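See structure below.
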Amino acid sequence: MVKIIMNGCNGHMGQVISGLVAADDGAEIVAGIDIADNRENGYPVFTSPEACDVEADVVVDFSSYKAVDGIVEYCRTRKIPLVLCTTGLTPEQLERVREAGKEVAILRSANMSLGINLLLKLIQEAAKTLAAAGFDMEIVERHHKLKCDAPSGTAIALGESLNEAMDGQYHFVFDRSQRHEQRDPKEIGISAVRGGTIVGNHEVIFAGPDEVVEFNHTAYSKAVFGKGAVEAAKFLAGKPAGMYDMSDVIG
């Protein structure tokens, strides 16, 4: 039984993960950390990491970039592995995370979905065959109208995965509205759509002479990210210091 501390337990994703773990025989949330202690969760909730003295195997963080420094230091000091799901970290924070990874196991991924992380592997194999044969590569991502950043971090991760498969020979193009020229064969186009309540959709297109191959992933609820985080927690518990990502969980 993997014992989890849930940082950000009273937020939306914290509650999703609490529900998933409650139905999972292989994991248990033994404590939560959240600045707002306004729910009855069935486990003790602390308003700061420093106040949490509960023994655990791993911490799962779905909070805010403002809370990340505190939880990283908490895990580094107590040598508790950390599944870091919070996004929007500054370059300085990312450097602190990497430094902490020298002392404790930290798993960080642009997207916690198992499906997306499998897709990252599949499109690399496709690129090695199709892009090498002259197929153009495009990514279209769709999210709800409240999402402020564009393109999504996942779309960029998909583009980076394609480029890695092609030995870094390609470059990204995010906006063609001011370009009046033929498409560069060494570019990866990334387009963003915002509207409605779309949780997340990512489409990778390989367009070649007279044929098109498409890979598509759709998230119908945020539970897919929670499921990935729980699997990551089970994987990371007991691991030695170092930086990990979801490809390690899948592989």
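The values are calculated or read from the model by the stated rules, or taken from the named source; none is laboratory data. Computed from a predicted model, the values in this text were never measured in an experiment. Here the Cβ positions follow ideal geometry from the backbone for every residue, glycine too, while neighbour counts run over all protein chains shown. The protein model used for the area step is the full one, side chains on, heavy atoms only, and it has no ligands, DNA or RNA in it. Shrake-Rupley method; radii C 1.70, N 1.55, O 1.52, S 1.80 Å.
Data table
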{"read-out": "Residues that are assigned to a strand (DSSP E or B), loosely packed, with under 15 Cβ neighbours inside 10 Å and either in contact with a Pro (Cβ under 9 Å, 6 or more places away or on another chain) or among the charged types (D, E, K, R) (or both), drawn from the stretch 195-215", "value": "Glu211, Glu214"}
{"read-out": "Subset of the stretch 216-251 (residues that are in a helix (DSSP H, G or I), touching a strand residue (DSSP E or B) at 6+ places or on another chain (Cβ under 9 Å) and of a type in the set (A, V, I, L, M))", "value": "Val224, Ala229, Val230, Ala232, Ala233, Leu236, Met246, Val249"}
{"read-out": "Test result for Leu107, buried (at least 16 other Cβ atoms within 10 Å of the Cβ), touching an Asp or Glu at 6+ places or on another chain (Cβ under 7 Å) and more than 24 Å from Thr197 (Cβ to Cβ)", "value": "yes"}
{"read-out": "Any hit, the stretch 89-106, residues being at pLDDT below 95, hydroxyl-bearing (Ser, Thr, Tyr), farther than 23 Å from Val230 by Cβ and out of contact with any helix residue (DSSP H, G or I) (no Cβ under 8 Å at 6 or more places or on another chain)", "value": "no"}
{"read-out": "Residue under evaluation Met13, criteria (1) at pLDDT 95 or above; (2) within 22 Å of Lys234 (Cβ to Cβ); (3) in a helix (DSSP H, G or I), criterion not met", "value": "(1)"}
{"read-out": "Given (1) farther than 18 Å from Thr77 by Cβ; (2) touching a residue at least 12 places away in the same chain (Cβ under 8 Å); (3) assigned to a loop (DSSP other than H, G, I, E, B), index of the condition Met6 fails", "value": "(3)"}
{"read-out": "Residue check, Ile156 farther than 30 Å from Gly14 by Cα, outside any loop (DSSP other than H, G, I, E, B) and among the β-branched types (Val, Ile, Thr)", "value": "no"}
{"read-out": "Candidates Lys102, Lys128, Lys145, Lys121 - the one that is among the basic types (Lys, Arg), within 30 Å of Lys3 (Cβ to Cβ) and either over 19 Å from the mean Cα position of the chain (by Cα) or assigned to a helix (DSSP H, G or I) (or both)", "value": "Lys102"}
{"read-out": "Residue list for the stretch 16-30, filter: part of a strand (DSSP E or B) and more than 16 Å from Lys234 (Cα to Cα)", "value": "none"}
{"read-out": "Selection within the stretch 40-80 - open to solvent by 60 Å² or more (accessible area, probe 1.4 Å), farther than 18 Å from Met13 by Cβ and part of a helix (DSSP H, G or I)", "value": "Glu50, Asp69, Glu73, Arg76, Thr77, Arg78"}
